[in-house]
Each structure stands twice: as C-alpha cells, then as structure tokens.
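Some notes on the structure that comes next.
Quick note: the coordinates plus some simple rules give every number you see, no bench work behind them. As the structure is a prediction and not an experimental result, all values here were calculated from the model.
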C-alpha cells in the first residue's frame, strides 16, 4: 500500500517532545525521530523473518527459523500486552540461545539481527549496536536487509549521542544505490551535520532531498527549513 504523503500542517501540528532545536523542521525531527526509528526496527524484524523463510526455509536451519518465529511471536504479544522493555526481558535469553546454538547458519544470523532490533526497541542501544555490527557481515550480499541494518546502526548511535558515528552509517546508506530509504538517510544527515557544525554538508544533504525525492515525507519539512534560514534550496 502506497504511503500517503503527509501535509506540512500534519507533520508540524504537535510540539517538540524530544531534542530542542530551532525551527519547525527540527521540531518535526524531535517529535517523530523515535517513532520512525521504532518503526524501522519493526520493519527489520518482519523483513528478516520473512526473508529467512523465503530463501532458507528448505535448508537444515528450519528448526532455528521455527524457534525464532516462536520467540518473536512471544515478543510481539508481550510487547503489546505490557511494554517493549518487558517483552525484551522475557525473550532475550531465548533468542540469545538461538544465536549461540545456530550462529554458523542462516537461522542464527537472522536471530542475531532480530535480537539487535528488539534490543534497540527496548532502549539497549549499546547491545543493539554490537549485534547490528555483527549482522552487517552476515547480510552483505542481501541489500534489502543490509541497508536496514545500516539504518538501525545510524539510529542507535544517534540515540547514544554519538553523532559522528551516526553520520558515518547514514552516509553509507545515502550512498547505497540499491536503497529505498535514501531520503530518510539524507534527512538524518542534514540534521546530524548541522549538529556537528558542518552547515555546508547539512544543506547539501537537504538539497538532495529537494532535487531527487519530491514525493518524500521529508520534502516539505526540508523546503521550509531552508526557507526559514534564508538558504537557496537550488544551490
């Protein structure tokens, strides 16, 4: 289902709840960054499990996939009933056992990436970074999952306040020609570069959205941000 492009009014209608920046564009990031990153983690988990069944279900790792599916179903149910943190505590040891027992095959690799996702969701960003980094090598030949992991690393570093490393992974994602979330990476880079004091790179990242992604949910926000700053969006 195609995502309806949100109007600028819809995107800007609620006040800042997270990080204080200036301008309506920054309030959008502050308000929506965490929900967007949570949504990313959910997508990673779903894609990973589906990916695993589609490409590996007929192999000897079938038991690992079954165990992972059961653990993730338990996680989602407990998350809905209680909280992400409580669900993480409930299934963490179970998924860790799958990772350790099946670490050399596809099932274990999928379990590790799923574990990274739920670690992030529970706010354990250090654990998520550790697991996502190991997963990069596991999925280097599978661009869809690889790019989602790059994005997960960018968000996780961002949550820890390590903006240089966050920018590093969003840069890799923005440079990936096979990524369908490059506009999201560019938007995050625009914000990160600004926080790092590199206004030229920040503007360049934002301008790429205006030039290349007219249907992006970030388009109107970036356009207004540059306008408020008196910057030429065509440069």
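For region 82-235, what is the convex hull volume of its Cα atoms per residue in Å³?
120 Å³
For region 170-218, what value does the Rg/Rh ratio take when both radii are computed over Cα atoms and Rh is the Kirkwood radius, given to two decimals?
When Rh is taken as the Kirkwood radius, the ratio is 0.95.
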